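Below is a structure I'd like to ask you about.
The values are calculated or read from the model by the stated rules, or taken from the named source; none is laboratory data. None of these values were measured; they are calculated from a predicted model. Reconstructed Cβ throughout: ideal geometry from the backbone, glycine too, with neighbour counts over all protein chains shown.
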Amino acid sequence: MKEYKANDIRNIAFIGHGGSGKTTISELLLFATGETNRIGTVEDGNTVSDFTANEIERKISISSTPLHFEWLNKKINLIDIPGYSDFTGQINSSLHVVDFALAVVKSAEGIEVGTETAWDIAEHNDIAKGVIINKIDSEHSRFDEVFELIKDRLSSDAVIVTFPLKEGVAADTIIDVLRKKAFKYGDSTGKKIEEVEIPTELNAKVDKLHEELIEKIAESSEDLMNKFFEEGTLSDEDLQRGIKAALINKSFVPVFAMSGLKSFGIKSFMDFIANYAPSPIECKKVQGKINDKDVEIYADENGKPIIQVFKSMSEKHVGELSIFKVFSGTLNAGMDLYNTKREKVERIGQLFVLNGKNKKEVTNLYAGDIGAVVKLKDTHTSDTLATKDNPIILKEIVFPKPVIRGAIKPKAKGDEDKISSGLHTVHEEDPSLTVHFDPELSQTIVSGQGELQLALAIKLLKDRYNVDVELVEPKIPYRETIRSVNENAEYKHKKQSGGRGQYGHVVLKLEPLPRGTGFEFVDAIVGGVVPGRFIPAVEKGIREVMDKGILTSSKVIDIRATLHFGSYHDVDSDEMSFKIAASQAFKKGFLESKPVILEPIYDVTIKVPEEFMGDVMGDISSRRGKISGMDSEGPFQIIKAKVPLAELYKYSTQLRSLTSGRGIHLREFSHYEDVPKDVESKIIAAFKKEKEEEDK
């Protein structure tokens with residue numbers, strides 16, 4: 001493979017809803033450019049992109065896959081990204097390193113929720129965008145209608161670059177608007193293509209679309225606009241310059257017609273990418289920091305080497321494979337680089353370029369390129385590697401916040417270390433899935449984007465580490481507090497059993513405090529009725545019982561405890577006696593002060609098509625949720641609600657079911673509030689039952 005520098009590299013990604021055909025088109029591109037010698041299919045489980053056992057079994061993309069091919073003396077790095085919302089984190093990491101995102105949409109179904117989610121992430125990453133209208137060979141294809149949907153719901157800057165002469169089974173002829181040519185595809189390989197005459201009745205349409213396209217490109221600069229008005233067209237050189245400029249400033253969204261299954265439209269698309277897609281050297285400068293100062297990084301092969309890992313894969317017999325982009329300089333095998341976040345030196349061993357699991361070894365990679373290296377010791381996804389004299393930290397990849405959580409329950413004792421190691425690997429491969437042990441709940445909590453993502457994490461533990469676990473509903477971190485003042489919560493701890501005894505006597509005043517205040521201890525002892533040396537023990541006794549809880553073993557919060565009276569014994573009193581007396585006095589006073597259980601309430605933002613609003617709002621009400629606001633965003637409605645965490649278990653799955661997979665939600669902790677009395681009694685009863693079973 002020849003070496004490519006930044007000017008001749010194109011970094012693109014396929015985004016879009018699951019099942020739109022991203023993997024199928026990727027497979028065709030690899031075959032048409034000679035990277036593979038056969039075209040695999042998702043159904044047969046033999047595609048280059050979907051090579052893991054879970055992907056083959058489920059017939060969906062689960063992980064983003066780096067691919068590459070050569071066309072017209074350009075190297076095109078392509079990342080095939082999953083479309084299901086469980087794997088949104090893969091979109092974030094991949095779009096962090098590419099310069100051009102192409103949404104693949106189906107010509108029958110049109111814009112689906114996964115497409116809009118990915119498009120929003122591409123917008124946030126401020127990169128060029130385009131659209132492929134796929135499956136034009138479908139009998140239900142409606143290219144023109146879908147194009148209007150694209151203009152309405154994705155970008156008003158969308159412009160047709162290619163369109164089908166006919167749709168359905170006769171969609172083998174593609175009109176290239178940019179070149180004003182027609183190409184007939186003779187087979188499904190993308191290699192047998194014949195240029196044909198544009199039908200006379202279509203000339204006017206092609207002329208009109210061509211003029212719209214040129215005018216859109218001319219808008220990218222005043223110079224080009226003046227040339228267009230003076231000459232009525234643009235030269236090839238002006239076109240190339242104008243298209244790149246329009247893509248980079250996001251004022252032009254090219255739309256392509258294609259059939260990934262039958263190759264229709266593949267050549268015009270590849271030509272466009274090679275000729276017009278922006279190179280890393282032409283795109284936006286990358287932001288980083290060095291010694292807390294902001295810097296911009298340029299794709300210059302003569303600069304100091306800077307790479308960033310955007311994906312990790314763990315392979316049997318190989319170890320962790322770190323996939324990275326070279327943002328600056330030239331990377332050579334055997335080079336030592338410095339992990340600027342973890343302050344560790346890493347030796348760059350063998351370098352590879354990837355097509356799925358297939359690795360091709362290279363000796364170096366230039367700025368702008370994408371590659372992989374094995375066996376980095378201390379480097380993880382989002383880390384920057386640079387030279388020690390240039391310790392730049394690139395802007396980190398932002399991953400989505402979790403919308404679902406579950407608790408890990410081992411089926412056998414003694415597997416804790418394996419579980420911890422396995423879940424660490426899962427997190428490294430997909431940082432949008434997070435794992436932590438919650439000491440309050442005494443549970444290992446795994447959180448992510450969807451039920452399937454969590455289920456696959458559990459499956460990996462079984463497949464790779466031979467550990468059986470269950471995913472169960474996590475406990476809820478309830479809180480306890482009081483609603484009334486207790487002036488005299490008293491307890492006298494007195495124990496005499498030969499020799500020195502125990503004596504501690506305290507009287508507390510308990511008062512509820514505003515939510516979020518915390519705990520306040522007041523020493524109001526007068527006259528030394530409780531000696532000063534024992535007062536810290538009183539506070540400690542209260543704090544310990546508050547941490548353990550009283551009604552349901554949940555933390556007690558927002559109380560002021562005032563020690564205002566007590567007594568002591570010259571010989572028998574000690575710190576332990578006062579600690580016990582304080583804890584018992586607090587328990588007694590707490591139960592006499594209108595105790596309540598508080599539950600965590602979350603702010604939930606739900607985005608759904610308007611036709612599902614009624615069902616979704618009804619479901620929110622059934623979950624004790626309260627609607628706090630509504631808004632609209634194109635054809636979608638935004639519902640804002642406050643919902644108890646206890647009612648949100650597996651909500652993402654239920655929302656998809658209610659909305660035919662078109663609803664998404666975000667959640668964030670808001671506050672604690674009183675549990676309704678009927679719910680409180682159920683919580684206390686369930687807690688007592690659990691304690692009884694544990695004590696058996």
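Would you check which residues across the stretch 544-562 are of a type in the set (D, E, K, R) and crowded, with 18+ Cβ neighbours inside 10 Å and list them?
The first filter runs over the stretch 544-562 and keeps only residues of a type in the set (D, E, K, R), leaving 544, 547-548, 555, 558, 560.
Matches in the stretch 544-562: 558 only.
Hey, another quick one. Which count do you get for residues in the stretch 488-542 that are outside any loop (DSSP other than H, G, I, E, B) and surrounded by 15 or more Cβ atoms within 10 Å (Cβ to Cβ)?
To start, the set of residues in the stretch 488-542 that are outside any loop (DSSP other than H, G, I, E, B) comprises 488-495, 502-512, 519-523, 532-542.
Now restrict to residues that are surrounded by 15 or more Cβ atoms within 10 Å (Cβ to Cβ): 489-493, 502-512, 519, 521, 534-535, 537-542.
Counting residues in the stretch 488-542 that are outside any loop (DSSP other than H, G, I, E, B) and surrounded by 15 or more Cβ atoms within 10 Å (Cβ to Cβ) gives 26.
Considering only the stretch 12-29, how many residues are farther than 23 Å from residue 138 by Cα and surrounded by 24 or more Cβ atoms within 10 Å (Cβ to Cβ)?
Step one: list which residues in the stretch 12-29 are farther than 23 Å from residue 138 by Cα, which gives 12-13.
Restricting the remaining residues to those that are surrounded by 24 or more Cβ atoms within 10 Å (Cβ to Cβ) gives 13.
Number satisfying all stated conditions: 1.
Could you run through the stretch 37-92 and say how many residues are over 20 Å from residue 427 (Cβ atoms), of a type outside the set (Val, Ile, Thr) and outside any strand (DSSP E or B)?
16
Test residue 605 against the stated conditions and say whether it is touching a strand residue (DSSP E or B) at 6+ places or on another chain (Cβ under 7 Å) and among the hydroxyl-bearing types (Ser, Thr, Tyr).
Details: touching a strand residue (DSSP E or B) at 6+ places or on another chain (Cβ under 7 Å): yes; among the hydroxyl-bearing types (Ser, Thr, Tyr): yes.
Taking the combined requirement at face value, the residue satisfies it.
OK, next. With the condition being surrounded by fewer than 15 Cβ atoms within 10 Å (Cβ to Cβ), I'd like the strands (runs of 3 or more DSSP E) fully within the stretch 385-486 carrying at least 2 qualifying residues.
Details: elements: 404-410, 434-438, 443-448, 469-472, 479-482.
Answer list for the stretch 385-486: 434-438, 469-472.
Checking residue 608 against (1) farther than 27 Å from residue 687 by Cα; (2) touching a Phe, Trp or Tyr at 6+ places or on another chain (Cβ under 8 Å); (3) in a helix (DSSP H, G or I), only one condition comes out false. Which one?
(3)
Just one of the numbered conditions (1) closer than 13 Å to residue 238 by Cβ; (2) in contact (Cβ under 8 Å) with a residue 24 or more places away in the chain; (3) among the hydrophobic types (A, V, I, L, M, F, W, C) is not true of residue 193; which one?
(1)
Check 617, 576 and return the single one that is in the same structural domain as residue 652 (by TED's automatic domain parsing), out of contact with any helix residue (DSSP H, G or I) (no Cβ under 7 Å at 6 or more places or on another chain) and not in a strand (DSSP E or B). Before the answer, list the steps.
Values: 576 fails: in the same structural domain as residue 652 (by TED's automatic domain parsing).
The conditions single out 617.
Output the residues belonging to the stretch 192-228 that are at pLDDT 90 or above, within 16 Å of residue 161 (Cβ to Cβ) and in a loop (DSSP other than H, G, I, E, B).
198
Of the residues 525, 542, which single one is touching a His at 6+ places or on another chain (Cβ under 8 Å) and of a type in the set (A, V, I, L, M)? Talk me through it step by step, then tell me what you get.
Numbers: 542 fails: touching a His at 6+ places or on another chain (Cβ under 8 Å).
None of the other options fit; the residue is 525.
Next question. Out of everything in the stretch 77-123 that is out of contact with any helix residue (DSSP H, G or I) (no Cβ under 6 Å at 6 or more places or on another chain) and among the β-branched types (Val, Ile, Thr), what residue ends up being farthest from residue 16 (Cα to Cα)?
Restricting to residues being out of contact with any helix residue (DSSP H, G or I) (no Cβ under 6 Å at 6 or more places or on another chain) and among the β-branched types (Val, Ile, Thr), the top hit is 97.
Also, quick follow-up: Specify the residue that is farthest from the chain's Cα centre (by Cα); the eligible residues are those in the stretch 110-145 that are touching a residue at least 40 places away in the same chain (Cβ under 8 Å) and in a loop (DSSP other than H, G, I, E, B).
Once the filter is applied, the top-ranked residue is 137.
Another question about this same structure. Please specify each residue of the stretch 173-194 satisfying the condition of being in contact with a Lys or Arg (Cβ under 6 Å, 6 or more places away or on another chain) and acidic (Asp, Glu).
Hit for the stretch 173-194 is 194, nothing else.
Among the listed residues 632, 628, 660, which satisfies the condition of being part of a strand (DSSP E or B) and within 24 Å of residue 110 (Cα to Cα)? Even if it seems obvious, please write down each step before you answer.
On the way: 628 fails: within 24 Å of residue 110 (Cα to Cα); 660 fails: part of a strand (DSSP E or B).
Answer to the selection: 632.
For residues that are under 30 Å from residue 485 (Cβ atoms) and surrounded by 19 or more Cβ atoms within 10 Å (Cβ to Cβ), tally how many sit in the stretch 585-612. Break it down into steps so the answer makes sense when it comes.
Here is the first cut: in the stretch 585-612, the ones under 30 Å from residue 485 (Cβ atoms) are 585-601.
Those still in the list that are surrounded by 19 or more Cβ atoms within 10 Å (Cβ to Cβ) too: 585-586, 589-590, 593, 597-599, 601.
Residues in the stretch 585-612 being under 30 Å from residue 485 (Cβ atoms) and surrounded by 19 or more Cβ atoms within 10 Å (Cβ to Cβ): 9 in total.
What number of residues within the stretch 355-367 satisfy the criterion of being hydrophobic (A, V, I, L, M, F, W, C) and either at pLDDT below 95 or surrounded by fewer than 19 Cβ atoms within 10 Å (Cβ to Cβ) (or both)?
Start the filter on the stretch 355-367 by keeping residues that are hydrophobic (A, V, I, L, M, F, W, C), which leaves 362, 365, 367.
Adding the requirement that they be either at pLDDT below 95 or surrounded by fewer than 19 Cβ atoms within 10 Å (Cβ to Cβ) (or both) leaves 362.
Final tally of qualifying residues: 1.
Quick one: is residue 553 of a type outside the set (D, E, K, R), under 30 Å from residue 530 (Cβ atoms) and either out of contact with any helix residue (DSSP H, G or I) (no Cβ under 8 Å at 6 or more places or on another chain) or outside any helix (DSSP H, G or I) (or both)?
Numbers: of a type outside the set (D, E, K, R): yes; under 30 Å from residue 530 (Cβ atoms): yes; either out of contact with any helix residue (DSSP H, G or I) (no Cβ under 8 Å at 6 or more places or on another chain) or outside any helix (DSSP H, G or I) (or both): yes.
Yes: the conditions hold for residue 553.
In the set 647, 611, which member is at pLDDT below 95 and farther than 30 Å from residue 504 by Cβ?
On the way: 647 fails: at pLDDT below 95.
So the residue among 647, 611 that is at pLDDT below 95 and farther than 30 Å from residue 504 by Cβ is 611.
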